[in-house]
Amino acid sequence: MRRAIKLNFSDTNAWITLAECLWKKAEYVEAKESLLSSIKIQPTIDAYILLSMLAKLIKPTSAVVGSAPSKEVMLEHNKVVSEESISYAKSAINIDINNSKSWYILGNAYCGKYFSVSMDIQDLNKSITCYNKALGLLSTTPSPSASTGGNNDTNHMPNPDLYYNKAELCMYVQNYTQAVEHYTIAHQIDPSINRQIPDILAYIEVSK
């Protein structure tokens, strides 16, 4: 991929593919740099989505060199990472407001902020709202703006993780009716997503 980029430095897909290769090697900082290079050439939904996900994998500098960061350093790092992840996801949505995956990724970003930083119910509610928006856009007609990087073909693809994450949050806030609904759909799409789902559903039924 590096050779391909040397031959065509402005190929955004090559930069994104290089980032994905580096990601698989756990070279997260280098992967981020590749994605940022692609955005300088042409901002795309795919690059912003990957950046939002990748932000949460990069450790504080002190952790990278081997020394365990303090709780204070880790909390500050999580704050920065959470806002960065949210910002990248919003940038993806700004390219195409009708892309289901972008809303799903933003929901994940707010969920991560809630559990790792804020414990603010507003962040939890924002996460649920984003998941609902993503669910509402599934199986919709692609929007014309999808041509600017990424596309709304993802709106026609099943997303078991979206249903599963929504179910987990519903379970957390004790909305058991919706938890059952979304666990069931996630399991139907991908039974391997969590093989304990039948047991979870049975537990909810017994607890009613």
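Could you list, in sequence order, the residues of the stretch 28-63 that are under 24 Å from S10 (Cβ atoms) and surrounded by fewer than 18 Cβ atoms within 10 Å (Cβ to Cβ)? Selection gives V29, E30, E33, L36, K40, I41, Q42, P43.
Looking across the stretch 158-189, just one residue is among the hydroxyl-bearing types (S, T, Y), open to solvent by less than 60 Å² (accessible area, probe 1.4 Å) and either out of contact with any Asp or Glu (no Cβ under 9 Å at 6 or more places or on another chain) or modelled with pLDDT under 95 (or both), and that is T184.
Restricting the search to the stretch 199-208, which residues are open to solvent by 60 Å² or more (accessible area, probe 1.4 Å) and either part of a helix (DSSP H, G or I) or at pLDDT 95 or above (or both)?
D199, Y203, E205, V206, S207 - these are the residues of the stretch 199-208 that are open to solvent by 60 Å² or more (accessible area, probe 1.4 Å) and either part of a helix (DSSP H, G or I) or at pLDDT 95 or above (or both).
Among the residues in the stretch 91-100, are any part of a helix (DSSP H, G or I) and among the charged types (D, E, K, R)? Looking through the stretch 91-100, none of the residues is part of a helix (DSSP H, G or I) and among the charged types (D, E, K, R). The residues of the stretch 94-111 include none that are surrounded by fewer than 21 Cβ atoms within 10 Å (Cβ to Cβ) and within 14 Å of the chain's Cα centre (by Cα).
Rundown of residues vs (1) at pLDDT 95 or above; (2) not in a helix (DSSP H, G or I), yes/no style:
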| position | (1), (2) |
| --- | --- |
| S37 | yes, no |
| K40 | yes, no |
| P43 | yes, yes |
| M53 | yes, no |
| K59 | no, yes |
| M74 | no, no |
| N78 | no, no |
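Taking the stretch 112-131 on its own, how many of its residues are part of a helix (DSSP H, G or I) and either at pLDDT below 65 or loosely packed, with under 13 Cβ neighbours inside 10 Å (or both)? Result for the stretch 112-131: 2.
The values are calculated or read from the model by the stated rules, or taken from the named source; none is laboratory data. This one's a predicted model, so the numbers in the text were calculated from it and none came from an experiment. Cβ coordinates were reconstructed from backbone atoms using ideal geometry, including for glycine residues, and neighbour counts include every protein chain displayed. The area values use the complete protein model at the heavy-atom level, side chains included, leaving out ligands, DNA and RNA. Shrake-Rupley method; radii C 1.70, N 1.55, O 1.52, S 1.80 Å.
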